[in-house]
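Colleague: Starting off with a structure, shown below.
Read-outs throughout are calculated quantities, based only on the coordinates presented, and are distinct from any laboratory measurement. Bear in mind the structure is a predicted one, so any value in this text is a computation, not a measurement. Glycine gets a Cβ as well: all are built from the backbone with ideal geometry, and neighbour counts include every protein chain shown.
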């Protein structure tokens, strides 16, 4: 059975690119346009992995990431961040939120800055979930 990957990104071109790459390499893509829709589909579909943009309308990818990693039922689901936001900036914002909320959230399983190269993206997906 194909591994299911939830693709959460507000940019249609990015969603199409990632979905096409996944589908043509034996994965099953599930798509969401924002963090709110992503969290809903995450709970419904229980994916094997999530690719997640950080800056999105309705609910940010940072909030969705924290929801996944702080819920004991979902914390083991790997998350690959794909964002225009620099990795250093994302990790800094996580540390600030950790201090503010007095809880620690692990770093993502992978991080790719936009625009992703197909070989890099596929390599990270294979490294993370096979």
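Colleague: Looking at (1) in contact (Cβ under 8 Å) with a residue 12 or more places away in the chain; (2) out of contact with any helix residue (DSSP H, G or I) (no Cβ under 6 Å at 6 or more places or on another chain); (3) more than 22 Å from residue 113 (Cα to Cα), find the lone condition where residue 1 falls short.
Modeller: For residue 1, the failing item is (1).
Colleague: With respect to residue 36, is the statement that it is over 22 Å from residue 115 (Cα atoms) and surrounded by fewer than 22 Cβ atoms within 10 Å (Cβ to Cβ) true?
Modeller: Yes.
Colleague: Please enumerate the residues belonging to region 71-92 that are surrounded by 14 or more Cβ atoms within 10 Å (Cβ to Cβ) and either in contact with a helix residue (DSSP H, G or I) (Cβ under 9 Å, 6 or more places away or on another chain) or in contact (Cβ under 8 Å) with a residue 60 or more places away in the chain (or both).
Modeller: 74, 77, 78, 79, 80, 81, 82, 83, 85, 90
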